[in-house]
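Heads up, the thing below is written out as structure tokens.
Please treat every number below as a calculation from the coordinates, not as lab data. What you see is a predicted model; the values in this text were computed from it and never measured. Methodologically, a virtual Cβ is constructed for each residue, glycine included, from the backbone with ideal geometry; neighbour enumeration extends over all protein chains shown.
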Amino acid sequence: MSEYEQVRGGKLVLKGEKNKSKKRKHKSKRVHSAPKVDADCVTHGNWWKVTKSEEITGPVAIEFGKHTYVKALDNGLFTLGAPHDEGEGPSPEEILTAVLIDERKVAFKSGYGKYLSAEKDGIVTGRSDAIGAMEQWEPVFESGKMALQSYSNCFMSVNDEDDAIIAADKKAGSAHMLQIRSQTVKDVNPLKDVPAEEQGALEQVEINYVKKFQKFQDKRLRICKEDKSELKKAKEEGSFHETLLDRRSKMKADRYCK
């Protein structure tokens with residue numbers, strides 16, 4: 001029986017036919033990189049930590065410590081809410097609406113429709129219907145830490161005695177460190193609505209427009225040598241493009257200039 005098995009063990013090969021052994025094709029093992037998971041965001045109920053001022057917009061929560069947020073009261077005051085479990089986000093009364101005022105300042109509106117103000121006695125209240133100087137806050141970022149500075153240059157913190165939210169100290173310490181968390185979907189390309197010519201520093205923007213509108217065939221750039229501080233002022237006042245055109249006209253380097 002063993003001899004029979006040895007005889008029939010191979011495939012029948014006819015004369016003139018080669019015994020082609022099948023080679024197994026090994027599928028290339030592609031290493032698919034798993035999407036990065038923001039563990040900190042997950043443990044806070046998908047509320048992610050902002051790292052720059054322009055991200056502070058829409059629904060936000062101000063977190064002191066771990067999983068404890070600033071909570072609005074119906075009397076116009078604020079306190080520190082109860083701790084949340086991991087994976088849980090802020091409660092409705094702990095959610096504020098952030099309004100970006102400019103590159104440095106931001107305002108916060110409570111769920112009662114009132115803006116957060118820093119009163120002269122250091123108490124933070126939510127009783128204002130409009131944004132004034134007292135309702136403006138400046139996020140301060142340094143070494144991965146963050147604090148909120150009021151119009152009076154005092155930093156937001158929590159009163160140790162009654163957990164009230166205050167802004168009474170002009171120097172920021174560990175008690176003033178906080179996190180602002182947001183659920184707003186991050187814009188992967190914040191410059192998508194900005195024309196290509198206007199992306200970059202003011203000096204580069206001027207060069208971009210000179211390249212676009214210059215009328216000389218030698219392609220040599222004619223850049224206005226005057227102080228560029230007027231460009232920054234013009235951008236703030238809304239006359240940026242007119243100022244750029246005036247600067248190009250002085251160099252007679254624009255096809256739209258007479």
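Please give the length that would be gained between Gln204 and Asn153 if that part of the chain were fully extended, namely 0.36 nm times their separation in residues minus their C-alpha to C-alpha distance (nm, one decimal).
Details: separation 51, 0.36 × 51 = 18.36 nm, distance 3.43 nm.
That works out to 14.9 nm of additional length.
Hey, fewest Cβ within 10 Å first, where do His44, His176 land in order?
Values: His44 25, His176 21.
Listing His44, His176 from fewest to most nearby Cβ atoms yields His176, His44.
What net charge is computed for the residues neighbouring Ala167, neighbours being all others with C-beta under 11 Å from the C-beta of Ala167, Lys and Arg scored +1, Asp and Glu -1? Mind dumping the intermediate values first?
Details: positive: Lys120, Lys170; negative: Glu119, Asp121, Asp169.
Overall, the nearby charge balance is -1.
What pairs from Lys49/Lys228; Lys49/Lys235; Lys109/Lys171; Lys171/Lys235 go past 27 Å between their alpha carbons? It would help to have the intermediate numbers written out before the result.
Working: Lys49/Lys228 36 Å; Lys49/Lys235 30 Å; Lys109/Lys171 25 Å; Lys171/Lys235 33 Å.
With Cα atoms farther than 27 Å apart: Lys49/Lys228; Lys49/Lys235; Lys171/Lys235.
I need the shape label for segment 39-182. Rule: rounded when a/c is under 1.5, else prolate if a/b > b/c, else oblate, with a, b, c from the alpha carbon gyration tensor.
Values: a/c = 1.30, a/b = 1.22, b/c = 1.06.
Here segment 39-182 falls in the rounded category.
Calculate, in nm to one decimal, what Thr57 and Thr97 gain on full extension: separation in residues at 0.36 nm each, minus their alpha carbon distance. Walk me through the intermediate numbers first.
Values: separation 40, 0.36 × 40 = 14.40 nm, distance 0.71 nm.
Using 0.36 nm per residue and subtracting the Cα-Cα distance, I get 13.7 nm.
How much length is gained on full extension from Val140 to Ser174, taking 0.36 nm per residue of separation minus their Cα-Cα distance? Before the final figure, lay out the partial values.
Values: separation 34, 0.36 × 34 = 12.24 nm, distance 1.35 nm.
Separation in residues times 0.36 nm, less the Cα-Cα distance, equals 10.9 nm.
Local charge sum around Ala98 (other residues, Cβ-Cβ under 10 Å, Lys/Arg +1, Asp/Glu -1)? Don't skip to the answer; put the middle values down first.
Working: positive: Lys109; negative: Glu55.
So the environment of Ala98 carries a net charge of 0.
For the pair Lys49/Tyr112, report the inter-label distance in nm, with labels modelled 7 Å from Cα in the Cβ direction.
Result: 3.1 nm between the two label points.
Could I have the simple spin-label model distance between Ser239 and Asp129, label points 7 Å from Cα toward Cβ, reported in nm to one decimal?
Placing both labels 7 Å beyond Cα along the Cβ direction yields 3.6 nm.
Treating the beta-carbon of each Lys and Arg as +1 and of each Asp and Glu as -1, no other charges, what is the dipole magnitude of segment 33-168 about its Cα centre, to the nearest 20 debye? List each step's numbers first, then the result.
Numbers: 12 positive and 23 negative charges, 74 e Å.
The calculated dipole for segment 33-168 is roughly 360 debye.
At 7 Å along the Cα-to-beta-carbon direction for both Thr79 and Met251, put a label point, then send me their distance in nm to one decimal.
If labels sit at Thr79 and Met251, their model points lie 6.3 nm apart.
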